[in-house]
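Following: one structure in structure tokens, then a few remarks.
The values are calculated or read from the model by the stated rules, or taken from the named source; none is laboratory data. Everything quoted here is computed from the prediction, not taken from an experiment. No Cβ is skipped: glycine too gets one built from the backbone with ideal geometry, and neighbour counts run over all protein chains shown. Accessible surface is based on the protein model in full, side chains and every heavy atom, while ligands, DNA and RNA are left aside. Shrake-Rupley method; radii C 1.70, N 1.55, O 1.52, S 1.80 Å.
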Amino acid sequence: MRYQGKAEEIEAFRMGIDYGMGKDLSVPVMASHMVQPMKRVIKNGKRILVPTTDKVVDHKGYDKQRMRNEPERIRFYKSARWKKVRELKLISDPLCEQCSTPDNPVLAEMVDHMIETNTSEGWERRLDEEHLQSLCWSCHNKKTFSK
């Protein structure tokens, strides 16, 4: 097999064959830069190709779906009342309530509902300060995603 031109070079690259520069062109070797399988995803409203190993989260699509299914909860988290309560909670309790110690203070970045707001009790108490806790991202993610 002999190198013929640009079309063969492109095809060889796509198949992962490298003919090498200045080497015997009749002996193909596998390229170290193998072409990865791709998948088509929609990211930020645009269709793009990404390697199949990439995890792509379309936040716009997720937010649209949540807005359709849970519009009242979305409006609540965007409301001025929630933003004010959240700000006051972080001012009154600036350290993570789960992992912060006197020897190792950890700044809280998130206000979490102790009882989830998708339950009736949690929804009724969503602005109750005794029902809220200040958490760092790590503790919040452990609590939220362990369920």
Inset, instruction - Quickly work out the residue 86-to-residue 65 label distance, labels modelled 7 Å from Cα along the C-beta direction, and quote it in nm with one decimal. - result: 2.2 nm
Legend entry - Stokes-Einstein diffusion coefficient of segment 57-147, Kirkwood radius over Cα pairs, 10 °C, 1.306 mPa s, in µm²/s: 111 µm²/s
Legend entry - Accessible surface ranking that places the most exposed of 130, 116 first, with a 1.4 angstrom probe: 130, 116
Legend entry - Accessible area, probe 1.4 Å, largest first, for residues 75, 81: 81, 75
Inset, instruction - Among the listed pairs 89/143; 55/142; 89/142; 43/143; 84/142, give every one whose C-alpha distance is greater than 23 Å. - result: 43/143; 84/142
